[in-house]
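Asks: The structure under discussion is supplied below as structure tokens; questions concerning it will follow.
Read the figures in this text as sums done on the coordinates, not as results from a lab. Quantities reported herein were computed from a predicted structural model and do not represent experimental measurements. Backbone-built Cβ (ideal geometry, glycine too); neighbour counts: all protein chains shown.
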Amino acid sequence: MTLKKIGHMIHAWLVKFWVPLSIVVALVTVAIGTTMVLLHREQVTVKIENIPIHSKKGPTAPTVGVLKPGEHLQILQRTGGWYQVRRENESKAWVAGWLVERSKPLNKLTPLSESTVVLDPGHGGSDSGALSTNNKYEKNYTLALAKRVKKQLEKRGTRVIMTRSTDKLVPLAEIPEIAERNQADLFISFHFDSAPEANSASGYTTYYYHKKNQSKRLAQAINQAISPNMPDDMHNKGVDFGDYLVLRDNSVPAILMENGYINSDRDFKHMQSASYQNKIAKSIPTGLENYLETR
């Protein structure tokens, strides 16, 4: 059989079977592509310096070393934002996944960098919260403040979960579930107080419900951190017990901050200002770091 005849036979075969052949090629290509994607997802290369690794999941677990840029890790397990990884020397450890995926260096890595913090801007949507004397809604100021806190925490590498990022209503019972579902380390709910009579009360209070899970100590650390930066005419009402569902149904250390009285014209003047909100936002990471360092 000549080469010319063989060529004609191959051509005839391709013409006859090109449809099933194309399907097979396409399926094989998809399978190879999917496999490569899955393999890539299970591996990660460290991009920033000195990321701590731990014997167990969590920022307070014993540290067993640090990772260096360029180190290749195999991801064995993912939970709550953390990765269990196998290093190039075959040892296993736990690491904050968001730090491993991070490409921008941090000025300093602290336990707060390895923590998951849930921020809850009180109210939202059809629940406007309390009203100022000129009918401004509490829900708008809690969201603005929470966003500022989020920005400050993310500068430190913190994994931040917001219960809401827009003007929407989150059912009250679902708020603690967000912290549980994301395996949060800390929870802060933001509010502005209201008195029965306008201009009859002033000041800020930090509330806790549980004592056994360190919520009271967290409230004390935050209250102490923000106090020096608050306006002189804002009374620090200190730390107090608060029977609020978002605290009561939370198993993680959880606090609720009342950052002034919205129906006090004096307090409201402060809470409207970016300067006032920024003072709180910049103080909260300091309080969280002080709390974590004592654990």
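Asks: Tell me the residue from LEU143, LEU169 that is of a type in the set (A, V, I, L, M, F, W, C), surrounded by fewer than 24 Cβ atoms within 10 Å (Cβ to Cβ) and farther than 23 Å from SER264 by Cα, please.
Replies: The unique qualifying residue is LEU169.
Yes/no matrix, rows are residues, columns are (1) closer than 18 Å to SER215 by Cα; (2) in contact with a Gly (Cβ under 8 Å, 6 or more places away or on another chain); (3) surrounded by fewer than 20 Cβ atoms within 10 Å (Cβ to Cβ):
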residue	(1), (2), (3)
PRO231	no, no, yes
GLY238	yes, no, yes
LEU245	yes, no, yes
ILE255	yes, no, no
ASN263	no, no, no
ASP267	no, yes, no
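Asks: Of everything in the range 241-295 that's of a type in the set (Lys, Arg) and in a helix (DSSP H, G or I), which residue is farthest from ILE226 (Cα to Cα)?
Replies: It comes out as ARG248.
Asks: Okay, next question. Show the residue pairs that are 6+ apart or on different chains and have beta-carbon atoms under 8 Å apart, the first residue being within the range 245-260 and closer than 14 Å to VAL118 by Cα, the second being of a type in the set (Asp, Glu) and part of a loop (DSSP other than H, G, I, E, B).
Replies: VAL252/ASP185; PRO253/ASP185
Asks: How many residues does the range 78-93 contain that are exposed (fewer than 14 other Cβ atoms within 10 Å of the Cβ) and touching a Leu at 6+ places or on another chain (Cβ under 9 Å)?
Replies: At the first step, the residues of the range 78-93 found to be exposed (fewer than 14 other Cβ atoms within 10 Å of the Cβ) are 78-79, 88-91.
Next cut, touching a Leu at 6+ places or on another chain (Cβ under 9 Å) only: 88.
Within the range 78-93, residues that are exposed (fewer than 14 other Cβ atoms within 10 Å of the Cβ) and touching a Leu at 6+ places or on another chain (Cβ under 9 Å) number 1.
Asks: What number of residues within the range 198-228 are within 21 Å of LYS136 (Cβ to Cβ) and either without any contact (Cβ under 8 Å) to a residue 24 or more places away in the chain or among the hydroxyl-bearing types (Ser, Thr, Tyr) (or both)?
Replies: Number of matching residues: 4.
Asks: May I ask you to list the residues in the range 194-235 that are in a strand (DSSP E or B) and over 24 Å from SER132 (Cβ atoms)?
Replies: Across the range 194-235, the qualifying residue is only TYR208.
Asks: Among the residues of the range 42-77, write down those that are free of Cβ contacts under 8 Å to residues at least 12 places away in the same chain, surrounded by fewer than 14 Cβ atoms within 10 Å (Cβ to Cβ) and assigned to a strand (DSSP E or B).
Replies: GLN77
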